[in-house]
Amino acid sequence: MKNHIIKFSILVSILFLGACKTEKSDTKENDSSIEESFYLAQKPPRSIPEVFAPGVVSINGRFESTISFSPDLKELYFDAKYEGEASQIYVSKLVNGAWTSIKKASFTKGNKKEEMHPFVSPDGKRVYFTAFDSIFSDERVWYVNRLKNSWGDAIKLNSSANDDKVFFANHARNGGLYYFNLSKFKTYYAHNKNGKFTEPQEVEIDMGHHAFISPNDDYLLVTARNNEVENRKDNDIYVYFKNQDGTWSKPMNLGTTINSNFSEKTPSISPDGKYLFFGRDERDIEPGLANIYWVSTEVIERLRPEQQKN
């Protein structure tokens, strides 16, 4: 009888371990499936930029520029418009392994004519964006707070940073806000103190606009007129690396792999730090051709000064 009990106990243990193993295997498979679905299930690029989600996000005949992802990579927001139309922010979410149909976010519910430059905060609780009725008139930074399954009402940022015409707000994990002042044509930074932004300070860089800070606050990307070839009028993307004393290095052109003879614009970095996203304005080829591209951030790391490498 005792032997039967022992054999039964062993059998139960084997079945239990097998069930646990299967459950773990299923979990790994599910996690892997979700990871493969990130970035609209697009095949990740390497060192050569590729159009992001052609025909879905990047549509020929439409202008797209800025894109942002939630920290868990299960939501994406981007702005786009057709010729003669107002810029709008669009959204899609990863639900049960599939991305929802892309639709307008309409954060201001029509109270502002245009919405653009979405940026999901690193904690995923807020989306910043630019809203305005008339270009070079009332551009301001707005935001929405996350509710349980939706976003709250749009709120204009209550900060001295918003006292002028400003746009393209974003920040690193430390919470300080970077943005561009259209009136002064300079980049500013406001420190985050107890959830409120302090008096903005000018970012001491040589040139550039549409500045985007990396998730780890160690480099800053900007758009600027090509500075290497005389008589060039197109914009390129440059990087400033942060020095140990908090100052910024000289701007470094990302090179011809990223920067073409067309205008590159609105750079951003994915929350995981793996990919650089940017717009490329090729409307000289075909009206309305201004798509979003992505590429591995290795193209940036190759330029990092040796003393800053780990």
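The values are calculated or read from the model by the stated rules, or taken from the named source; none is laboratory data. In this text, all values refer to a predicted model and were calculated from it rather than measured experimentally. In this analysis, Cβ positions are derived from the backbone assuming ideal geometry, glycine residues included, and neighbour counts consider all displayed protein chains. All accessible areas refer to the heavy atoms of the entire protein, side chains included, with ligands and DNA or RNA removed. Shrake-Rupley method; radii C 1.70, N 1.55, O 1.52, S 1.80 Å.
Once backbone amide H atoms are built at 1.01 Å from N, GLY176 has ASN192 as its partners under 5 Å, excluding neighbours fewer than 5 places away on the same chain.
Charging the Cβ of each Asp and Glu at -1 and of each Lys and Arg at +1, and nothing else, the dipole of the chain about its Cα centre rounds to 1180 debye.
Summing +1 for each Lys or Arg and -1 for each Asp or Glu among the other residues whose beta-carbon sits under 12 angstrom from that of PRO45 gives +1. Heavy-atom accessible surface of the chain, averaged per residue, reaches 54 Å², computed with a 1.4 Å probe. Rounded to the nearest 20 debye, the dipole size of the stretch 160-310 about its Cα centre is 280 debye, using +1 on the Cβ of Lys and Arg and -1 on the Cβ of Asp and Glu.
The HN-Hα couplings worked out from phi for the stretch 138-149 by the Karplus form 6.51 cos²θ - 1.76 cosθ + 1.60 (θ = phi - 60°) are 10, 5, 9, 8, 10, 7, 10, 9, 6, 9, 4, 10 Hz, whole numbers, x standing for Gly and Pro. With the convex hull drawn around the C-alpha atoms of the stretch 255-310, the volume per residue stands at 85 Å³. Of the residues ILE59, ILE300, ILE135, the one that moves most in a GNM of the chain with alpha-carbon contacts below 10 Å is ILE135.
Picking from PHE119, PHE63, PHE197, which is most flexible by a Gaussian network model of the chain using Cα springs under 10 Å? Answer for the Gaussian network model of the chain: PHE197.
How far is the Cα center of the stretch 255-310 from the Cα center of the stretch 55-96, in Å? Cα centroid of the stretch 255-310 versus Cα centroid of the stretch 55-96: 17 Å apart.
Relative to 2.2 N^0.38 Å, what does the C-alpha radius of gyration of the chain come to as a ratio? Two decimals please.
Cα Rg divided by the expected 2.2 N^0.38 Å: 1.18.
Straight-distance candidates among the aspartates and glutamates for linking to LYS165, with alpha-carbon spacing under 17 Å and chain neighbours fewer than 8 residues away dropped: GLU114, GLU115, ASP133, ASP138, GLU139, GLU199, GLU202.
Distance between the 7 Å Cα→Cβ label points at ALA98 and GLU301: 3.6 nm.
What's the angle, to the nearest 10 degrees (0 to 90), between helix 2-37's Cα axis and the longest principal axis of the chain? For 2-37 against the chain, the angle is about 20 degrees. Of the listed residues ASP217, ASP133, ASP206, the order by accessible area with a 1.4 Å probe, largest first, is ASP206, ASP133, ASP217.
If the chain linking ARG225 and THR257 were pulled fully straight, counting 0.36 nm for each residue of separation and taking away their Cα-Cα distance, it would gain 9.9 nm. Sequence-ordered 3J(HN,Hα) estimates for the stretch 90-98 from the Karplus curve with 6.51, -1.76 and 1.60 and θ = phi - 60° stand at 10, 9, 9, 10, 8, 10, 6, x, 9 Hz, glycine and proline given as x.
Can you tell me what percent of all Cα-Cα pairs in the stretch 147-264 are more than 25 Å apart?
When all Cα pairs of the stretch 147-264 are counted, 30 percent exceed 25 Å.
Heavy-atom surface analysis with a 1.4 Å probe gives the stretch 179-306 a carbon and sulfur content of 45 percent of its accessible area.
Counting only heavy atoms of the protein chains and using a 1.4 Å probe, LYS309 has close to 90 Å² of accessible surface.
How far, in nm, would the chain grow between LYS148 and ASN60 when pulled straight, counting 0.36 nm per residue and subtracting the alpha carbon separation?
28.2 nm
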